[in-house]
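Asker: Take this structure, written in structure tokens, and hold onto it; I'll ask about it next.
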Amino acid sequence: MRLLPALAIGMLSLPMVVFAADPHSYAQPDQVRVTHLDLDLTIDFPHRQLDGRATLKLDWTNPKASSLVLDTRDLHIESVEAVDASGKATALKYAMAAAEKQLGSKLTIAAPAHPAQVRIVYTTSPQASGLQWLTPAQTADKTQPFMFSQSESIHARSWVPLQDSPAIRFTYDAQVHAPKDVRVVMSAINDARHPLNGDFSFDQPHPIPSYLLAIGAGDIAVKETGPRSAVYAEPSVVGKAAHEFEDTEKMIATAEHLYGPYRWGRYDILVLPPSFPYGGMENPNMTFATPTVLVGDKSLVSLVSHELAHSWSGNLVTAASWRDIWLNEGVTTYVQGRITEALYGKTLADEESLLSARGLEKELATMPANSQKLAPDPRGIGADDSLSDVAYDKGSWLLRTLEQRYGRDTFDHYLKGYFDHFAFRSITTEQMLAYLKPNLIEKYPGKMRWAEVQSWVYGTGVPKNAPLPDSPRFNAIDKERADFLAGTLAADKLDAKGWNTQEWMYFLDRLPDVSPLQKMQQLDAAWHLTGTPNAEIGMRWYSHAIAAGDKAAWTAAAEHMTRIGRMYLTLPLYQAFAKTSDGLVYAKQVYAKAKAGYHPLTQQAVEAVFASAKTAQ
Ligand code: BES
Ligand code: ZN
């Protein structure tokens, strides 16, 4: 349940398609490849649209190719031209296919003469799936409108016409025009001292996949957190964010010590309004982050370790298709744990590994066999279907297993070599395995059989002998929880005063799905969970309170759901409410008020919860 609760995950399933290199893109990289994007954008807040001009540099790989096929979604195309070396433009014929629900519209541009560049003038739709537009009233400081992108997995195509596949990498530069006093940031080097004069320019000199294209604009202030890091956020949030993320430089230095130099220059973080639909997004040079991790005690800063870790696993070495996404998320979750351990100690890192492993075990029990595989059979898999706990938690568990078998020094050396070997490339699971075999498994014989590796990658579930850390503190919590449920320990006698965030998460995660109402009321009376400022704890608590029928928690749950658009923190409450007809009616009322502040993806996911509740009743 890392990014999306299970119900929402299935909604992006594809109809059966003929399996190509990347079934989630119409691009034909065996014919032609985009190598550079030159983007000119005007941010039109009143119309909630971007007016764009995308000039694509092309490398024609097949001499017989006759067209350039691009991905688009809800784009209005104004013109398509070939541009020659001297800048002379000639109109090209093009055809926009009818929209397919998941993939959008295929744009086929006739280009038998193989122009070096093609230029497309277009506008985005106010409903673009990859953009959110907020009015000043929907921001913290209420002075300026705000907009931001979220391109992963396949939403870049809703704001730029391109080959929207992680297998294709390109450099980009951009000129962006915005109202005065608004700051624009992108997934490229950002200059904190740039005047807010309405004209910004960016240059990303490293080849990146399209899902790492990102833009944000609004009343954004900047505060340094280190020699190569800063936080960007609304003025009233930036101080708190700088404090929460004050260890950023230490994190970068730790990752560099393990895996070699940080290759991107600066590492900045943009803290978005609470409607940001995810926890974090590893946009190069500028991680996008939810404000729900700003809890004041740095207890949720693993999010930064995670997004920073993607600078190696994901942004440097990229999964070639969405089916291989565990190469991004599993390796990153492993590296995240190593950064956490180095900075905050093994006790906390082990707690986070255990939360991840226990959560996975629970989730696996409800999953179809194919989804339990790290590398599933791609047929019939939607772009976001592989984004379950399996990619994150089974993936990182495999890496912890390798580390344990080969020893830390050997494994660290191997992983650093892997990042260097595949740097700035997009690879499949099979390419990763072809490197793993000679460079680790066969190089140090007798530690792990190849068949074991294969059963981790292509098998269901988790191998029985998968290693788990031991956490005396979690063991004590298991005992307290059991005693509390058995009635031998009163709620106010729980030894919870010193529990950190992860320990509360663990206590709540392993309560029965539906607990007796009285027990939940006692827990709340003793520990004041209703109204908690910590949304990770709140999400878990309200889920239990709703399931137990504790109507006293409804208003606070509704407040949480209205304020927070991060799907992982909000959808579980919709799901909990949707289990009863009273609850469903209430949740629909909450949604009616909250909807305007939600990202298009969050809206879609909540509506999917309602739709499946209807069929279930
Ligand atoms: N790259 C992901 C976010 C993502 C994945 C967005 C796939 C859309 C499709 C990011 O690195 C991530 O994993 N974020 C997590 C936070 C993290 C601490 C596990 C999230 O958003 O919850
Ligand atoms: Zn991630």
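The values are calculated or read from the model by the stated rules, or taken from the named source; none is laboratory data. Worth saying up front: this structure is predicted, and the values here are computed from it rather than measured. Neighbour counts run over all protein chains shown; Cβ positions are idealised from the backbone, glycine included. When the accessible area is computed, the model is the full protein with side chains, heavy atoms only, and any ligands, DNA or RNA have been set aside. Shrake-Rupley method; radii C 1.70, N 1.55, O 1.52, S 1.80 Å.
Asker: Give or take rounding to whole Å, what are the principal axis extents of the alpha carbon atoms in the chain, in descending order?
Answerer: Cα extents, longest axis first: 82, 62, 52 Å.
Asker: May I have the extent of the alpha carbons of region 473-616 along their three principal axes, as whole Å values ordered from largest to smallest?
Answerer: The principal-axis extents, from largest down, are 44, 26, 22 Å.
Asker: To continue, here is another question. Share of region 473-616's accessible area from carbon and sulfur, percent, 1.4 Å?
Answerer: 55
Asker: Determine the gain in length on full extension of the stretch residue 595-residue 437; use 0.36 nm per residue of separation and subtract their C-alpha separation, reporting nm with one decimal.
Answerer: Gain in length upon complete extension: 51.9 nm.
Asker: Tell me which aspartates and glutamates have Cα within less than 20 Å of residue 579's Cα, excluding those fewer than 8 residues away on the same chain?
Answerer: Straight-line reach from residue 579, under 20 Å: 363, 509, 513, 550, 559, 607.
Asker: Dipole size in debye (nearest 20) for region 391-480 around its Cα centre, Lys and Arg Cβ +1, Asp and Glu Cβ -1?
Answerer: 160
Asker: So what is the orientation-averaged projected area of region 285-350, using the convex hull of its C-alpha atoms, in nm²?
Answerer: 5.1
Asker: Still on this structure: Exposed loop chymotrypsin sites (Phe, Trp or Tyr not before Pro) only (DSSP loop, at most 13 other Cβ atoms within 10 Å): please give the longest stretch of the chain free of them, not including the sites.
Answerer: 20-423
Asker: Another question about this same structure. Given that compact globular proteins tend to follow 2.2 N^0.38 Å, what is the ratio of the alpha-carbon Rg of region 317-458 to that value?
Answerer: Values: Rg = 14.8 Å, N = 142, 2.2 N^0.38 = 14.5 Å.
Expressed relative to 2.2 N^0.38 Å, the Cα Rg reads 1.02.
Asker: Run the helix sum for the chain: -39,500 (n - 2.57) per DSSP H stretch of 4+ residues, divided by residue count, reported at 222 nm to the nearest 500 deg cm²/dmol.
Answerer: -11000 deg cm²/dmol
Asker: Taking R0 as 45 Å, what's the FRET efficiency between residue 228 and residue 486 from their Cβ-Cβ distance, rounded to 0.05? Don't skip to the answer; put the middle values down first.
Answerer: Working: r = 53 Å, r/R0 = 1.18.
That gives a FRET efficiency of 0.25.
Asker: Label 7 Å along Cα→Cβ of residue 79; region 96-133 residues with amide nitrogen under 13 Å?
Answerer: From region 96-133, the list is 119-122.
Asker: Using DSSP to define loop residues, name the trypsin sites (Lys or Arg not before Pro) in region 49-158 whose beta-carbon has at most 15 other beta-carbon atoms within 10 Å.
Answerer: 64, 88, 93, 101, 142
Asker: Exceeding 27 Å between C-alpha atoms, which entries from my cross-link table qualify? They are 394/497; 443/464; 373/447; 88/180; 464/497.
Answerer: From the list (394/497; 443/464; 373/447; 88/180; 464/497), the Cα-Cα distance tops 27 Å for 394/497; 88/180; 464/497.
Asker: Taking R0 as 56 Å, what's the FRET efficiency between residue 525 and residue 250 from their Cβ-Cβ distance, rounded to 0.05?
Answerer: With a Förster radius of 56 Å, E is 0.90.
Asker: Sticking with this one: Over region 317-458, with every protein chain in place, what whole percent of the accessible area is carbon and sulfur at 1.4 Å, could you tell me? All intermediate terms of the calculation are to be shown ahead of the outcome.
Answerer: On the way: 2510 of 4910 Å².
Solvent-exposed carbon and sulfur of region 317-458 make up 51 percent of the total.
Asker: If you don't mind, another one. Semi-axes of the equivalent ellipsoid of region 39-111: what are they in whole Å, largest first, if each equals the square root of 5 times a C-alpha gyration tensor eigenvalue?
Answerer: Over the Cα atoms of region 39-111, the semi-axes work out to 23, 18, 10 Å.
Asker: Within 10 Å of each candidate Cβ there may be at most 12 other Cβ atoms; applying that plus a DSSP loop requirement, which trypsin sites (Lys or Arg not before Pro) in region 497-589 survive?
Answerer: Of the trypsin sites (Lys or Arg not before Pro), the ones in loops of region 497-589 whose Cβ has at most 12 other Cβ atoms within 10 Å are 497.
Asker: Can you tell me the dipole magnitude for the chain around its Cα centre, using point charges on the Cβ only (Lys, Arg +1; Asp, Glu -1), in Debye to the nearest 20?
Answerer: 760
Asker: Please work out the C-alpha center-to-center distance from region 321-373 to region 118-191 and express it in whole Å.
Answerer: 30
Asker: Oh, and also: Using alpha carbons only, how many degrees (0 to 90, rounded to 10) separate the axis of helix 472-486 from the longest principal axis of the chain?
Answerer: Value to nearest ten degrees: 60.
Asker: Let me spell out the model: positive unit charges on the Cβ of Lys and Arg, negative unit charges on the Cβ of Asp and Glu, origin at the Cα centre of region 473-616. What dipole size does that give, in debye rounded to 20?
Answerer: 360
Asker: Scan region 176-276 for GluC sites (Glu not before Pro) in coil per DSSP, keeping those whose Cβ has at most 16 other Cβ atoms within 10 Å, and list them by number.
Answerer: Within region 176-276, the qualifying GluC sites (Glu not before Pro) (loop, at most 16 other Cβ atoms within 10 Å) are 246.
Asker: Angle, helix 235-244 long axis vs. longest principal axis of the chain, Cα atoms, 0 to 90°, nearest 10?
Answerer: The answer is roughly 60 degrees.
Asker: Projected onto the charge dipole of the chain (+1 at Lys/Arg Cβ, -1 at Asp/Glu Cβ, origin at the Cα centre), which of 231, 458, 254 gives the Cα projection farthest towards the positive end?
Answerer: Positive-end residue among those listed: 458.
Asker: Counting only DSSP beta bridges with both residues in the chain, what percent are antiparallel, rounded to the nearest 5?
Answerer: Expressed as a percentage, antiparallel bridges in the chain total about 80.
Asker: So how far apart, in nm, are the two label points at residue 181 and residue 21 if each is 7 Å from Cα heading toward Cβ?
Answerer: Output for this residue pair reads 4.8 nm.
Asker: Among 504, 598, 529, whose Cα lies farthest out toward the positive end of the dipole of region 473-616, if unit charges sit on the beta carbon of Lys, Arg (+1) and Asp, Glu (-1)?
Answerer: Ranked along the dipole, the leading option is 598.
Asker: So, for the chain, what is the accessible surface per residue at a probe of 1.4 Å, expressed in square angstrom?
Answerer: 37
Asker: Over region 536-584, what per residue volume does the convex hull of the Cα atoms give, in whole Å³?
Answerer: 62
Asker: On a 0 to 90 degree scale, rounded to 10, what angle separates helix 567-577 from the longest Cα axis of the chain?
Answerer: 50
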